Structures are given as C-alpha cells and as structure tokens.
Amino acid sequence: MPYLSRNGHNLYFTDSAGHGEPLLLLHGLGSQGADWQPQVDSLADEFRVLTLDFPGHGRSDAPGGTISMHSLAEDAVALLDHLAIDRAHIAGLSLGGMVTFQLLASNPERLRSVTVINSGPGMLAGRWRLNMVVALRSLMVRSFGLPALAKRIAPKLFPRADQQLLREQFLHSIAAVDKETYLKILRTIGRFNVWPEIAGSPVPALIMTADRDYTPVTYKAEYAATMGNAELFVIENSGHASPMEVPEVCNARIRAFLRTHSKNTTRLPSAEIAD
C-alpha cells in the first residue's frame, strides 16, 4: 500500500495514476480519503486524483506532539514532493478546506487552483461560538468516546431515511480515528484564522457552500469577496457532507472549474460532464 514517511509516522495516500493534472482531495475531521471515492470515480478520467489520510485518520499513523493547521498543510506538501509534483489543484472539505486555506496562505506557489467545500479561513468575529462548539465536542469525546459523538453527528449529516448507507460509512470512518489526534485537531480548528493572509489571493478559487451547512452562505460570500480570484457556488438541498450527499452536483461543478483552470485536460463530450 502507498505510504509516505513523515516525521516518524506513516501517512496513507492513493494515486489514480491518471495522465491529467494532479488533483489532491483533503477530507474532513473524522473522515478519510476513501470517503472521496465518488469524486475519484468521476474525475480520474481527466485528472490524476490523489487522496491523503490525515494523521490519526484512516490508515495513517497517529503522530506524537502537537498538530497545527500548518503541519497538516506541510503533510500535503510532503506528498506532492514525494510524488515529484510541482503544482496541483487542491480540493478540501471542512477540515480539508481549512488546510487548503493554510496552503493558500503559506504555499501558494504549489497551487494551480483551490476548491473549498463547506469550510472557511477562520473567523474575524464571533469566535466565541466556535470555541464553545469545540469545548462541548471535546468534553463529549473525553467523556463518552468518539463512537458516541459519531452516533450523534451522523443523523445530522445524513437525516433522510434513504441515507442509511452514508450514515454507516461515516460511523466506519470515524471509528478509525485516533481519539487524541481528533482532540488535538479540534483545538487547532478553534485557533485557526488565515483570513487576512488570503485576502487578494490571485489563485483561482471555487468556494462551494451547501445551503444547509453549519455556517451560512453569507459567511462564505463574505470571505470569498475579499479574495482576488474566487467564485461562489451554492449547493442546494444539501448539508455539511455535500460530496457524499450530492456527489453528482459536486463532481459536475468541480470538473467544470478544473477544466477552466487546467492546461492539459482530455475534454469529453459535453453530455458526459454531468456524470
């Protein structure tokens, strides 16, 4: 299996080995690279699609010491270096979106474009609400464990009766997460803010927001407006886990965006774009 050795621990990744430009997919907290399978299946015909399991998630080792958004971004850069990739398209969901923003702030020269789904670069105001959520979630994990938290979150992520398989997939993913790593990343999320650093960024950016996400569309529109080359796309009738919940919508929009900002993609007939 493909692993990258990083600071004494192994990080698991996948590589579709396609001939198009590289696209690295970064998952959310409690998830894993395998949860991007609908996107890999859809986009690997035009792009070299990569996934990475963050430390303590999926098949990646749990690291010792602290974890920061910067260290998670360095893991992504290390994977690109390992594969001799100079620049890549990056797409991130939730935590993965935050890591994408960190890359935009600290390593813009490695990015061809960024796609951020249901995430943000931090808060300029109202951080107390986020810190309260972090504190309550941390207390629940320490008191009852990750499985109890997952059982509470899953019905909110996937509320419909026909989404039982998605709920089970989420429970499977979070069961593979190291508890201490989860708590470390929660604290990192509470401190994260690179909004000032990404203002005016020229890197092409697609900001995708579900209409029923945890944070409102207005929040994404506000920070997107401060970026130099960003477009906003609203995903209708969807919650926080949009790539799993409505993959066809997400895949079609990501494909169209990447085509616009790629030099060497194999273009399929337009009828096939909608997946």
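Run down THR265, THR226, THR181 and say which single residue is of a type in the set (Ser, Thr, Tyr), over 21 Å from ARG129 (Cβ atoms) and at pLDDT 95 or above. Exactly one residue qualifies, and that residue is THR181.
Among the numbered conditions (1) part of a strand (DSSP E or B); (2) surrounded by 19 or more Cβ atoms within 10 Å (Cβ to Cβ), the only one that ASN10 does not meet is (2). The residues of region 232-249 that are touching a residue at least 24 places away in the same chain (Cβ under 8 Å), farther than 12 Å from ASN118 by Cα and either part of a helix (DSSP H, G or I) or in contact with a Phe, Trp or Tyr (Cβ under 8 Å, 6 or more places away or on another chain) (or both), listed by number, are MET244, GLU245, PRO247, GLU248. Say whether the condition of being on the phi < 0 side of the Ramachandran plot and among the polar types (S, T, N, Q) is met by at least one residue in region 230-237. The answer is no, given that none of the residues of region 230-237 is on the phi < 0 side of the Ramachandran plot and among the polar types (S, T, N, Q). Examine region 61-82 for a residue that is of a type outside the set (Asp, Glu), surrounded by 24 or more Cβ atoms within 10 Å (Cβ to Cβ) and either touching an Asp or Glu at 6+ places or on another chain (Cβ under 9 Å) or over 27 Å from TYR214 (Cβ atoms) (or both), and state whether such a residue exists. No, region 61-82 contains no residue that is of a type outside the set (Asp, Glu), surrounded by 24 or more Cβ atoms within 10 Å (Cβ to Cβ) and either touching an Asp or Glu at 6+ places or on another chain (Cβ under 9 Å) or over 27 Å from TYR214 (Cβ atoms) (or both). Being buried (at least 21 other Cβ atoms within 10 Å of the Cβ), over 21 Å from GLY239 (Cβ atoms) and in contact (Cβ under 8 Å) with a residue 60 or more places away in the chain is a property that LEU111 lacks.
Taken over region 69-89, the criterion of being on the phi < 0 side of the Ramachandran plot and part of a loop (DSSP other than H, G, I, E, B) is satisfied by LEU83, ILE85, ASP86, ARG87. For region 33-66, give me each residue that is outside any helix (DSSP H, G or I), of a type in the set (Val, Ile, Thr) and either modelled with pLDDT of 95 or more or within 21 Å of PHE257 (Cα to Cα) (or both). Selection gives VAL49, THR51.
Matching residues to (1) modelled with pLDDT of 95 or more; (2) surrounded by fewer than 15 Cβ atoms within 10 Å (Cβ to Cβ); (3) part of a loop (DSSP other than H, G, I, E, B):
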residue	(1), (2), (3)
VAL116	yes, no, no
LEU124	no, yes, yes
TRP128	no, yes, no
MET132	no, yes, no
SER173	no, no, no
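Of all residues in region 109-120, how many are more than 13 Å from LEU95 (Cβ to Cβ) and of a type outside the set (Val, Ile, Thr)? The number of residues fulfilling the criteria is 5. Yes or no: region 210-222 includes at least one residue that is in contact with a Cys (Cβ under 6 Å, 6 or more places away or on another chain) and not in a strand (DSSP E or B). Checked region 210-222: no residue is in contact with a Cys (Cβ under 6 Å, 6 or more places away or on another chain) and not in a strand (DSSP E or B). Aromatic (Phe, Trp, Tyr) and more than 17 Å from the chain's Cα centre (by Cα): is that true of PHE170 in this structure? The answer is no for PHE170. Condition check: out of contact with any strand residue (DSSP E or B) (no Cβ under 7 Å at 6 or more places or on another chain) and assigned to a loop (DSSP other than H, G, I, E, B). Does GLY190 satisfy that? Judged against the criteria, GLY190 is not a match.
The values are calculated or read from the model by the stated rules, or taken from the named source; none is laboratory data. Note that the structure is predicted; figures quoted are calculated from it, not measured. Please note: Cβ atoms are built from the backbone with ideal geometry, for glycine as well, and neighbour counts cover all protein chains shown.
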